[in-house]
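Step one of this worksheet: look at the structure below.
Read-outs throughout are calculated quantities, based only on the coordinates presented, and are distinct from any laboratory measurement. The model shown is predicted, which means the values in this text are computed figures rather than measured ones. A quick note on method: Cβ atoms are made from the backbone with ideal geometry, for glycine too, and the neighbour counts reach across all protein chains shown.
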């Protein structure tokens, strides 16, 4: 059996051992704190730096730019130059209606003869211009024509003067054209005479002979006229200034 000294000696040794272990733990903790403050990895390696991703390229914006920051270059202001409107071309300028008493003629080659189916007239006012219109309608196509003032109107073949009222006379010749069918029946769906207008006093068909159709016009005076070709249905219009 141990005596009191032995127990005291043993207890002192245990106390010294515990104190040594405590000091060792404190030292290890201090070392660990010193090395861990800058290191985030294990094994005492070099500290790992945190790298933020580079900003991506910004998209082009259509918004108006704000105030420029110091040192930045502001874009040059856009200059808008007013461009004068182009001058109208001659074709854009409305042309006045030209009336003339000179003859009008158009030669035309057709695969046959045009058939006259109607003749009518009327008084018209267009854009402040008054005129009398004679319309000759065809069943299929507009033939060639000759329109002119003559001393008097004569029937083809016979040469007899065609009586017409008026102070001046005009003759209309259509070719190749007919005003009858294959058996000689007239194809006109309207009367062959008419008139009674300020300028166009009277008109009448004066001949249907060998591929030519003749019309005589009695006019109040030698006035200017124009000739128009119309479609749907095919027609020839003769306008006399009134």
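Here are the numbers for the structure shown:
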| item | result |
| --- | --- |
| Using distinct alpha-carbon pairs, which all enter the 1/r mean, Kirkwood radius of region 149-196 in Å | 13.0 |
| Cα-based convex hull volume of region 104-241 per residue, rounded to whole Å³ | 107 |
| Estimated D of region 168-242 in µm² per second, where Rh is the Kirkwood radius over Cα pairs and Stokes-Einstein applies at 4 °C, 1.567 mPa s | 96 |
| Relative contact order of region 104-241, defined on C-alpha pairs under 8 angstrom at six or more residues apart (%) | 29 |
| By average C-beta atoms within 10 angstrom, highest first, the peptides 128-135, 202-209, 156-163 | 202-209, 128-135, 156-163 |
